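Participant: First the structure, which I've put down as structure tokens, then a few questions once you've had a look.
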Amino acid sequence: MMTTTGRRARSYGRSILNKVPAVTIYFWIIKVLCTTVGETAADFLNDDLGLGLTNTTAVMGALLIVTLIFQFRARAYVPALYWPAVVLISIVGTLLTDNLTDDLGVPLETTTIVFGVALAAAFAIWYAVERTLSIHTIHTWRREAFYWVAILLTFALGTAAGDLVAEQLGIGYLMSAAVFGGLIAIVAFARYGLKTTTIVTFWIAYILTRPLGASIGDYLSQSSDDGGLGLGTVATSGLFLLTILGLVVYLSLTRRDAEA
């Protein structure tokens, strides 16, 4: 078995490095920005451009598959590949929930439970096969496949849970953002104050950042009549995409988020 300080591993006859960035402040900032884009971009394509949920899902799903092909072919973490995949998977995850609730009429309570169970099953299978859920050892194709399946389900679950809190419970987008922000603060305290297991707190925070970002996106883009600021989906998506682009360029040049 081959081992190096660069976290190399042999996967089906091919040596690759860890495929996921280090969990720094940049990671969480871009993650929240990606979730916001996932919400507003899905609304823009579906409603503003009139593609409809089915066509939007097909287009975004195809783009995601192409992006993941390049991501899987890479031998190490590449910001310019990894983060576009996260943006696209956030959109597709949003659309999975929207298709179930809007087109098929499945209640948000049901979609939240279904995606919660599906994510738990994905984690259980991942751990049974690999004996770890750590994102610091995504250095085989199989582990990377488990990782992206889990990421997709966190976005779908986060969308369902976020919509359930913001819309079904009627507390509004801004208060919803405050609720999920508070929950993330509790998770952070559990991690750094109570020294809770890193893997557990990471995945809980990853799920919660989805409804946080979606609530922020809805608050910025929706009209004042609906409880938002009325910036629109185009302006909101464009602003956050430009911010993501700037951060990805910065990280590509500095490698500040590369695993040591």
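The values are calculated or read from the model by the stated rules, or taken from the named source; none is laboratory data. All values reported here derive from a predicted model rather than from experimental measurement. When the accessible area is computed, the model is the full protein with side chains, heavy atoms only, and any ligands, DNA or RNA have been set aside. Shrake-Rupley method; radii C 1.70, N 1.55, O 1.52, S 1.80 Å.
Participant: Give the shape of the stretch 15-69 as rounded, prolate or oblate, defined through the alpha-carbon gyration tensor: a ≥ b ≥ c are the square roots of its eigenvalues, a/c under 1.5 means rounded, and otherwise the shape is prolate if a/b is larger than b/c and oblate if not.
Facilitator: The shape class here is oblate.
Participant: Once you have a ≥ b ≥ c as the square roots of the Cα gyration tensor eigenvalues for the stretch 107-152, tell me rounded if a/c is under 1.5, and otherwise prolate or oblate according to whether a/b is larger than b/c.
Facilitator: Prolate, since a/c reaches 1.5 and a/b exceeds b/c.
Participant: Largest first, what is the accessible-area ranking of Arg210, Arg75 with a 1.4 Å probe? Present the calculation step by step, with values, prior to reporting the outcome.
Facilitator: Values: Arg210 0, Arg75 135 Å².
Descending order: Arg75, Arg210.
Participant: Could you give the accessible area per residue of the stretch 51-145, probe 1.4 Å, as a whole number in Å²?
Facilitator: 45
Participant: If I take every Cα pair under 8 Å that is 6 or more residues apart in the chain, average their sequence separation and divide by the length, what percent do I get for the relative contact order?
Facilitator: Reported relative contact order: 29 percent.
Participant: Also, quick follow-up: Using the alpha-carbon centroid of each, what span in Å lies between the stretch 23-54 and the stretch 233-247?
Facilitator: Here the two parts' Cα centres lie 10 Å apart.
Participant: Sticking with this structure for a sec: Here are several values of Cα extents along the principal axes in Å: (1) 60, 39, 35; (2) 52, 44, 35; (3) 59, 47, 38. Which one was derived from the coordinates shown?
Facilitator: The value matching this structure is (1).
Participant: Tell me the carbon and sulfur percent of the accessible area for the chain, rounded to whole percent, probe radius 1.4 Å.
Facilitator: Here carbon and sulfur together make up 69 percent of the probe-accessible area.
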